[in-house]
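Nothing in this text is a laboratory measurement; each read-out follows from the coordinates by a stated rule. Not measured: the values here are computed from a predicted model. Positions of Cβ are generated from backbone atoms using ideal geometry, with glycine treated the same way; all protein chains shown enter the neighbour counts.
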Amino acid sequence: MNSPVVVGAAGLGPGRRRWWVFGAGLALALAVALALGFHLARDRPSSPVASGERLTIAVPAAPHAALLHVAAAKRYFADEGLEVVTVSASHGRVALDLLAEGKVDLAAAAELPFVVKVMNGQPLAIVASVASATSEMAVVARRDRGIRRPADLVGKRVGVTRGTSGEYYLWAFLIRHKLGPDAVTLVDVAPGELDKQLAAGALDAIAAWQPTRFRAEAALGEGGITLIEPNAYTATYVVAGHGAYLRQHPQAMQKLMRALLKAEAFLQAEPQQAQQLVADRLGVPAASLQPSWRDQEFRVDLLQPQMITLEDEARWAVARGHAPKGAVPNFLPHLYLDALLAVQPTRITVVH
């Protein structure tokens, strides 16, 4: 039987031996390098998104931010190549405070606190509207304080969160019922405390959005009454950022729009699943979202009528002392249209 042929350095001449040793050493070094590289690559955390495609967004713990919550839960941001970190905020004004302080890249909020920020010199711009509601907000009052109709609010202590859409709604509600803005005593209360102070009797009524309104109604039960005025105010909720930042990150903003449009499509196709996803992220029962879900339209757009509302809110902000006196600004420069124009231009009706 033939013995196996063994080839080694000993069977070679001096010149070939040197080349054999050099080649063997090179192969060994290459093998070590490859092994080390594999080890490092295996232990290094992988990043599915390109450098510079990371966004930090302040998101209110409220159902009007549903598209952002759904996009995060369904990983639509990651699918578009965005690494999105959401920072929870009690309400939109706080989210915008975080934005103004440079702690986040974007913030979701009602347009009213956005207007107040712009009127006070913040160079912010709206990327897109993500929801609107005409019947979500209401005045919830205690029956034991003799409140049965809007006129009964005169002289009562009404809790609001100053500088928010809740305060604007109360103002519009009173005007609608031919009551002066000073007909009630406003008490500035954080959203998370409104229902508690109403239930404790420290307030006669509150003006609130969901889910605070739901909690207040549940706490009072038969002892409470809800006063609604659907035609008083249509609140629009937006995603905003510093104008310069938005212009410097056009690709990221386009990816953001695509992710939100996916979330909108999912919400329309599977409303119950979407509602449960939002409830899970907010840590509340899905039942608490049902009233507001019916009252809201979740849609990504930028519409011309919104420009009129922004101007009306600017005048209100000055009149109520939330902004310095002066001319109402042109809000067109405070809209970042490029992202939606690139992704789905039919969603924009703003004259530009």
Which one, I126, M137, V115, projects farthest toward the positive side of the charge dipole computed for the range 97-195 from Cβ point charges (K/R +1, D/E -1)?
M137
For the range 138-227, what relative contact order do you get, as a whole percent, if you take Cα pairs closer than 8 Å and at least 6 residues apart?
47
Fewest-first ordering of M137, M119 by Cβ atoms within 10 Å yields M119, M137
Once each part is reduced to its C-alpha centroid, what is the distance from the range 96-137 to the range 204-253 in angstrom?
12
Quickly rank 183-192, 326-335, 125-134 as a protection proxy: mean count of other C-beta atoms within 10 Å, highest first.
125-134, 183-192, 326-335
Mean Cα-pair separation over length for the range 78-180, i.e. relative contact order, pairs under 8 Å, 6 or more apart, %:
24
Would you mind putting 284-291, 148-155 in packing order, based on average other-beta-carbon counts within 10 Å, highest first?
284-291, 148-155
Per DSSP H run of at least 4 residues, take -39500 (n - 2.57); add these up for the chain, divide by its residues and hand me the 222 nm value, nearest 500 deg cm²/dmol.
-13500 deg cm²/dmol
Classify the range 138-227 as rounded, prolate or oblate from the Cα gyration tensor: take a ≥ b ≥ c as the square roots of its eigenvalues, call it rounded if a/c is under 1.5, otherwise prolate when a/b beats b/c and oblate if not.
oblate
What is the local net charge at H322, summed over the other residues whose Cβ is closer than 13 Å to its Cβ (Lys, Arg +1; Asp, Glu -1)?
+3
Say each of A287 and T226 gets a label point 7 Å from the Cα, pointing the same way as Cα to Cβ; how far apart are those two points in nm?
1.4
Trypsin sites (Lys or Arg not before Pro), restricted to the range 268-352: which are DSSP loop and have at most 14 other Cβ atoms within 10 Å?
K325
Positive minus negative residues near R215 (Lys, Arg vs Asp, Glu; Cβ under 12 Å):
-1
Can you give the angle from 0 to 90° between the axis of helix 14-43 and the longest principal axis of the chain, with both taken from C-alpha atoms, to the nearest 10?
20
Counting only DSSP beta bridges with both partners in the range 138-227, the antiparallel fraction in percent, to the nearest 5, comes to 55
Of (i) 20.1; (ii) 21.3; (iii) 23.0, the label for Kirkwood radius over Cα pairs in Å derived from the coordinates
(iii)
Calculate how many DSSP beta bridges within the chain are antiparallel, expressed in % of all such bridges and rounded to the nearest 5.
60
Greater than 26 Å separation of Cα atoms is the criterion. Which listed pairs, K196/K262; K103/K196; K196/K325; K103/K255, meet it?
K196/K262; K103/K196; K196/K325
Assigning unit charges at the beta carbon (Lys, Arg +1; Asp, Glu -1) and nothing else, what dipole magnitude in debye, to the nearest 20, does the chain show about its Cα centre?
860
